[in-house]
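Beneath this line is the structure, given in structure tokens, with notes to follow.
The values are calculated or read from the model by the stated rules, or taken from the named source; none is laboratory data. Since the structure is predicted, the reported quantities are computational estimates derived from the model, not experimental observations. Reconstructed Cβ throughout: ideal geometry from the backbone, glycine too, with neighbour counts over all protein chains shown.
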């Protein structure tokens, strides 16, 4: 006798090809429901197939259908007279163009083709100490005509820009929501969107450019595909990234109505089907610890506000591949306040500069998709979101920004010069911090959103990258590249573990130490805004005797900082400075050397043999003089 119960397969939900047949699993509490099959080309309905009572397990109906070619049909479910798109659909062939209101009738799901050739694709599994993250909006990255790509605003457009991304040092792409979501729909907003907009009474038919809402989590967004095959285009992008030693991390936003039990299945699907390298988890009540402990995701990057690593690992245990990372705003706002010269910030800044969690990573950033761009952070004191249609009430008022003396675009040379210096200072804070840096798209060349700190609905030049800024702001981009090269050249700037501020090697220098107007005596009282930081490279590169000295002064006046003497036969050489003119002073025959650091500037020195001379870009040869 046939065991009917054993033939029921309620999971996974949705529709799948199985042994030449099609298996459907649909959640419903209605007694009358079933499957609608359509011709993929014409849209004509081919069959209406009801679920039978005996095909139900709990609230899941499951049925196997034979006699249809999966490549030539699409499907929906129905309850009574109501058509229901499959939110777990893998592809939606009826959706292509971006920004058009969609109907339920258009949301017909199809079946994935299984002929993509991954060849020998392998995830690079880049350690956090080697990573540099670039957060982007898929459409906004290349949609502007100035991008110069053939397939603007798409996954293929990103592929065309891979040489540029490698050139600026990027190892890891973080994509804002790139799964299928309705960017234009009249529906109730998610809690996150309400918070971003600030005024739910203005809800209505408005473009959701960002995509922080419930979506169809198993399908790449068709509107981001240049071709009619978003799945293949997305796989091609991931494969190309891996071939170039780069990786891809996706943002996933899960509102409260999404079942927590399904989230692990969604993430596993993207790892197995699309070879995705990681996920930034966003939303309400995310089961972060459950996901962190999922063995199938043990070599997949997971980013969240914070993880209880002590509950996951034994004391002193370090996982073979640390895949978890905290991702929050703590670094961001403290560094912004220090950048603009607020008092009482040094202790927090020094903590953030060295902080690396014991068994995880830490993603730090100064700007992100929400808030000012880096160029706007130094050009605006206040948000300018009038274009959003919310009477400038949406978006945060707490930007911790400073306009350098004039609001918005300025023709004053001194204001423009100071802004460039502040952008360079910000880049130094970002890349001289020892955890994993993240930069938002376009910040490396001074892209502006015209003071809009919440462009959630701006599918236009406000939110699209203006690539003409690459030429206009070449000085900023050149400095970014120089700083990236410096970080790569000196592993002590990105150690795998947090430095201990101790001389464990008995080599005469701790791995990390702080200095003020006198060597080895840091001054961190609330009114100090400058500090010297000494790094001994031997602790990360045993064969090296090199030292690095970072001088940071965010005060509006110049200050002298003491520099410990380098090893015998060496001297300090200035290798990078954010000031146009950097004058260094040394005092011969004394216990310490002194460097005068200009207002609002950062300088980097390294120890070199006394007979080696080099003058860094943008700086003059340091002159020697006695301290008065």
Per-region count, the range 14-29, residues touching a helix residue (DSSP H, G or I) at 6+ places or on another chain (Cβ under 8 Å) and not in a strand (DSSP E or B):
0
Extreme residue, farthest from residue 145 (Cα to Cα), among residues of the range 443-471 that are surrounded by 23 or more Cβ atoms within 10 Å (Cβ to Cβ) and out of contact with any helix residue (DSSP H, G or I) (no Cβ under 7 Å at 6 or more places or on another chain):
453
Kindly indicate the residue of the range 77-92 that is buried (at least 20 other Cβ atoms within 10 Å of the Cβ) and in contact with a helix residue (DSSP H, G or I) (Cβ under 8 Å, 6 or more places away or on another chain) and also farthest from residue 180 (Cα to Cα) among those meeting that condition.
85
Among the strands (runs of 3 or more DSSP E) lying completely within the range 261-329, list those that include at least 2 residues that are under 22 Å from residue 90 (Cβ atoms).
278-283
Right, residue 246: touching a residue at least 60 places away in the same chain (Cβ under 8 Å), under 30 Å from residue 550 (Cα atoms) and either in contact with a helix residue (DSSP H, G or I) (Cβ under 8 Å, 6 or more places away or on another chain) or surrounded by fewer than 18 Cβ atoms within 10 Å (Cβ to Cβ) (or both) or not?
yes
Do we have residue 273 as under 22 Å from residue 155 (Cα atoms) and either assigned by TED's automatic domain parsing to the domain that holds residue 163 or without any contact (Cβ under 8 Å) to a residue 40 or more places away in the chain (or both) here?
yes
Considering only residues that are over 30 Å from the mean Cα position of the chain (by Cα) and buried (at least 16 other Cβ atoms within 10 Å of the Cβ), look in the range 110-122 and name the one that is farthest from residue 238 (Cα to Cα).
110
Residue check: is residue 326 surrounded by 15 or more Cβ atoms within 10 Å (Cβ to Cβ), touching a residue at least 12 places away in the same chain (Cβ under 8 Å), over 21 Å from residue 532 (Cβ atoms) and out of contact with any helix residue (DSSP H, G or I) (no Cβ under 7 Å at 6 or more places or on another chain)?
yes
Subset of the range 250-259 (residues that are outside any loop (DSSP other than H, G, I, E, B) and either modelled with pLDDT under 95 or not assigned by TED's automatic domain parsing to the domain that holds residue 219 (or both))
none
Can you tell me how many residues in the range 401-417 are assigned to a loop (DSSP other than H, G, I, E, B), within 31 Å of the chain's Cα centre (by Cα) and loosely packed, with under 15 Cβ neighbours inside 10 Å?
4
Checking residue 287 against (1) farther than 22 Å from residue 308 by Cβ; (2) touching a helix residue (DSSP H, G or I) at 6+ places or on another chain (Cβ under 6 Å): exactly one of these is not met. Which one?
(1)
Residue 266 vs (1) on the phi < 0 side of the Ramachandran plot; (2) loosely packed, with under 15 Cβ neighbours inside 10 Å: all pass except (2)
If you check 366, 339, which single one turns out to be modelled with pLDDT of 95 or more, closer than 14 Å to residue 399 by Cβ and under 19 Å from the mean Cα position of the chain (by Cα)?
366
Residues of the range 342-355 satisfying the condition of being surrounded by fewer than 19 Cβ atoms within 10 Å (Cβ to Cβ) and touching a helix residue (DSSP H, G or I) at 6+ places or on another chain (Cβ under 7 Å):
348
Selection from the range 477-496 of residues that are out of contact with any helix residue (DSSP H, G or I) (no Cβ under 6 Å at 6 or more places or on another chain), surrounded by 15 or more Cβ atoms within 10 Å (Cβ to Cβ) and either part of a helix (DSSP H, G or I) or modelled with pLDDT under 95 (or both)
482, 484, 486, 491
Selected residue [surrounded by fewer than 20 Cβ atoms within 10 Å (Cβ to Cβ) and at positive phi] from 371, 311, 389, 358
389
What is the number of the single condition among (1) surrounded by 16 or more Cβ atoms within 10 Å (Cβ to Cβ); (2) closer than 25 Å to residue 368 by Cα; (3) at pLDDT below 95 that residue 303 does not meet?
(3)
Single unsatisfied condition, residue 380 versus (1) crowded, with 22+ Cβ neighbours inside 10 Å; (2) in a helix (DSSP H, G or I); (3) out of contact with any helix residue (DSSP H, G or I) (no Cβ under 9 Å at 6 or more places or on another chain):
(2)
Going through 61, 98 one at a time, which residue ends up being surrounded by 11 or more Cβ atoms within 10 Å (Cβ to Cβ) and either at pLDDT below 95 or assigned by TED's automatic domain parsing to the domain that holds residue 183 (or both)?
98
